[in-house]
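Take a look at the structure set out below.
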2 protein chains.
Amino acid sequence: MNRNHSLLGLVNKLAQDFDLSQVELDAVLALPFNIREYPANAEILREGDRPSQCCYLVEGFLSRHKYVREGTRQIMSFHFPGDIPDLHSIHLAHADHYLGTLTPTTVAFIGHAAIRDLTVEYPRLAACFWRETLIDAAIFREWIINIGRRQAPGRIAHLFCEQVVRMKQVGLADETGFPSFLTQTQIGDATGLSVVHVNRTLQQMRRDGIIGPGGDRVEILDWGKLVEVGGFDADYLHLRKDIRSPAEAHGNMNSTLRERRGRLGQSPGPG
Amino acid sequence: MNRNHSLLGLVNKLAQDFDLSQVELDAVLALPFNIREYPANAEILREGDRPSQCCYLVEGFLSRHKYVREGTRQIMSFHFPGDIPDLHSIHLAHADHYLGTLTPTTVAFIGHAAIRDLTVEYPRLAACFWRETLIDAAIFREWIINIGRRQAPGRIAHLFCEQVVRMKQVGLADETGFPSFLTQTQIGDATGLSVVHVNRTLQQMRRDGIIGPGGDRVEILDWGKLVEVGGFDADYLHLRKDIRSPAEAHGNMNSTLRERRGRLGQSPGPG
DNA sequence: CGTGTTATTGACCAACATCAAACTTAGTGG
DNA sequence: CCACTAAGTTTGATGTTGGTCAATAACACG
């Protein structure tokens, strides 16, 4: 098998979900695709587009976002190599948001028809692809919680934790840090904060000895504290045990802070 | 066919996605299920549970939520009859959030195995189910935007708009209002606001002549204004045209306010 | 070196949270 | 039918987080 095959990362990812047969793996690798490169800040897909292919991310970083008012946008996810950020387009006719590059990027476009055929012929592969979109959704849920119920330091810390864990899966990060591919404006767009406030919060986190001074890499000086501030629990990422264990051995990635609920079935109001 | 079959709503819903054959429809109706009733404020599923069945909502209202700090929670979705709020559990081993009732509720539990078998045998049904979870995800994305980038009146207005459109699909609402199944505390938990602020914002919306005084029903006095305040565009719900058109005829549900973006590929900061 | 983007700072202000209490409503048991 | 209770709503007072505006500094790149 070609070790430089562009879809190898996809196969690796899917193979983490289920024990796939060689036939199934080969079927994925046999998918026809077109490579395309983009500069930073390019748009791959726009709201309203009706794509006929999916975009597999080979290299670079992507975001999905939407514009809310004149000049305001909200980022709803980041994507790393191995992801198919618009896999949902197979069954949803039009895009309801933008997909854009954050850095220079290489993607492989795979036609919807080819993927549909694959899922019809191999139900287990269908399950794998489906599962990917379910994890995608789980991450959205966590972002709702992050933005809805945490304050600035928690939101940013949680975002950083998530990026460590997800990028670690593809060998781009560990608990000591990860490549810095975001501007402070983009961090704000993802966390629902203004740039100014992101800037001040990051400074506070540096003063608290949680992260390093920045630059090309986000240095994490105190992973435990980052997890604590962000109230982070990797459960929602639904990693497989074998992938998760090295992380657990290293820092404590999971269940460090399974937060406890208040009263039963009731969110307490005042009084 | 039994007109009182509990899964009729499910069939109707799936049949909106694709043109399904009678064989496929019958296969859905042949799914074995168990009916169960819950009082209000009951927990159907907890974080960490490993369910072996899915929960089809026959009657009542559900929410999915998570506890963030002692006493704080975030609701991430509401569910109406016809929904399968934990369909994702087929491919995600453990629940990463709670599923609870808001009102007295009737659900039908359908075993994972039965659904999996169905999806293997009928790829088009698999696509339908998959699609349901993709719309679920699209709603989460919209909530991220709602909470991240809108202020209190917009958040609440958007929530109400979404409820109108979704409940209308199952005949529970129209543009003049919908049954009020939420306390102000729950509205706050869904929008990331405090009860006090929800209360004041609702009062303002009443003074502005957008909604009525409340009670058993949320009266919408000015649908157009509600849509405007919430920046609502139903596109993300991916309704089928035939379902959507009566709404368009009535009020203008879609694309009323497709918001324009600011600068190209860049979220403007200050300066 | 200029030019554009990103990071940083200060001053000021608005939105929203928190706390605490009173009021309403609906349900329950006598 | 009425007191009693619990949940939900409303109000006032006060504080904080985080937004906005505007300017400056630090880089990166051709």
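For every residue, the table says whether it meets (1) away from DNA strand D (no atom under 16 Å from the Cβ); (2) among the aliphatic types (A, V, I, L, M); (3) surrounded by 15 or more Cβ atoms within 10 Å (Cβ to Cβ).
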| site | (1), (2), (3) |
| --- | --- |
| A:30 | yes, yes, no |
| A:39 | no, no, no |
| A:50 | yes, no, no |
| A:63 | yes, no, yes |
| A:68 | no, yes, yes |
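Is it true that some residue in segment A:95-115 is crowded, with 18+ Cβ neighbours inside 10 Å, of a type outside the set (A, V, I, L, M, F, W, C) and in a helix (DSSP H, G or I)?
No, there is no match, as no residue in segment A:95-115 is crowded, with 18+ Cβ neighbours inside 10 Å, of a type outside the set (A, V, I, L, M, F, W, C) and in a helix (DSSP H, G or I).
Just to be sure before I move on: is residue B:224 more than 14 Å from every other protein chain (Cβ to nearest Cβ) and modelled with pLDDT of 95 or more in the structure I sent? Before you say what the answer is, go through the steps one by one.
Numbers: more than 14 Å from every other protein chain (Cβ to nearest Cβ): yes; modelled with pLDDT of 95 or more: yes.
Yes, satisfied.
Taking strands (runs of 3 or more DSSP E) that do not extend beyond segment B:8-76, which have at least 3 residues that are under 20 Å from the mean Cα position of the chain (by Cα), over 14 Å from residue B:98 (Cβ atoms) and not hydroxyl-bearing (Ser, Thr, Tyr)?
The strands (runs of 3 or more DSSP E) meeting that bar are B:53-59.
Could you tell me how many of the residues in segment B:1-28 are over 17 Å from residue B:82 (Cβ atoms), surrounded by 18 or more Cβ atoms within 10 Å (Cβ to Cβ) and of a type in the set (Gly, Ala, Ser)?
Final tally of qualifying residues: 0.
Among the numbered criteria (1) at pLDDT 95 or above; (2) within 13 Å of chain B (Cβ to nearest Cβ); (3) surrounded by fewer than 22 Cβ atoms within 10 Å (Cβ to Cβ), which one does residue A:167 miss?
Single failed check for residue A:167: (2).
Looking at B:24, B:47, B:59, which is the one that is of a type outside the set (Val, Ile, Thr) and at the interface with chain A (Cβ under 9 Å from one of its Cβ atoms)? Please lay out each step first, then the result.
On the way: B:24 fails: at the interface with chain A (Cβ under 9 Å from one of its Cβ atoms); B:59 fails: at the interface with chain A (Cβ under 9 Å from one of its Cβ atoms).
Result: B:47 is the single residue among B:24, B:47, B:59 that is of a type outside the set (Val, Ile, Thr) and at the interface with chain A (Cβ under 9 Å from one of its Cβ atoms).
How many residues does segment A:178-193 contain that are in a loop (DSSP other than H, G, I, E, B) and either of a type in the set (Asp, Glu) or more than 7 Å from DNA strand C (Cβ to nearest atom) (or both)? First the steps, then the outcome.
So the first thing to find is which residues in segment A:178-193 are in a loop (DSSP other than H, G, I, E, B), and the list is A:180-183, A:192-193.
Still in the running and either of a type in the set (Asp, Glu) or more than 7 Å from DNA strand C (Cβ to nearest atom) (or both): A:180-182, A:192-193.
Number satisfying all stated conditions: 5.
Does residue A:196 satisfy the criteria of being out of contact with any Pro (no Cβ under 6 Å at 6 or more places or on another chain), within 11 Å of DNA strand C (Cβ to nearest atom), hydrophobic (A, V, I, L, M, F, W, C) and not assigned by TED's automatic domain parsing to the domain that holds residue A:80?
Yes: the conditions hold for residue A:196.
Go through segment B:170-221 residue by residue and tally those that are within 11 Å of chain A (Cβ to nearest Cβ) and either in contact (Cβ under 8 Å) with a residue 24 or more places away in the chain or away from DNA strand D (no atom under 14 Å from the Cβ) (or both).
8
Please verify whether residue B:73 is touching a residue at least 12 places away in the same chain (Cβ under 8 Å), surrounded by 14 or more Cβ atoms within 10 Å (Cβ to Cβ) and basic (Lys, Arg), treating the condition exactly as stated. Write out each step before concluding.
Working: touching a residue at least 12 places away in the same chain (Cβ under 8 Å): yes; surrounded by 14 or more Cβ atoms within 10 Å (Cβ to Cβ): yes; basic (Lys, Arg): yes.
Judged against the criteria, residue B:73 is a match.
So which residues in segment B:179-200 are of a type outside the set (S, T, N, Q) and closer than 21 Å to residue A:143 by Cβ?
If we filter segment B:179-200 for residues that are of a type outside the set (S, T, N, Q), which is where we start, we get B:179, B:181-182, B:187-190, B:192-193, B:195-198, B:200.
B:187, B:188, B:189, B:190, B:192, B:193, listed by residue number.
The values are calculated or read from the model by the stated rules, or taken from the named source; none is laboratory data. Please read these numbers as outputs of a predicted model, since none were measured by experiment. Note: ideal-geometry Cβ built from the backbone for every residue, glycine included; neighbour counts use all protein chains shown.
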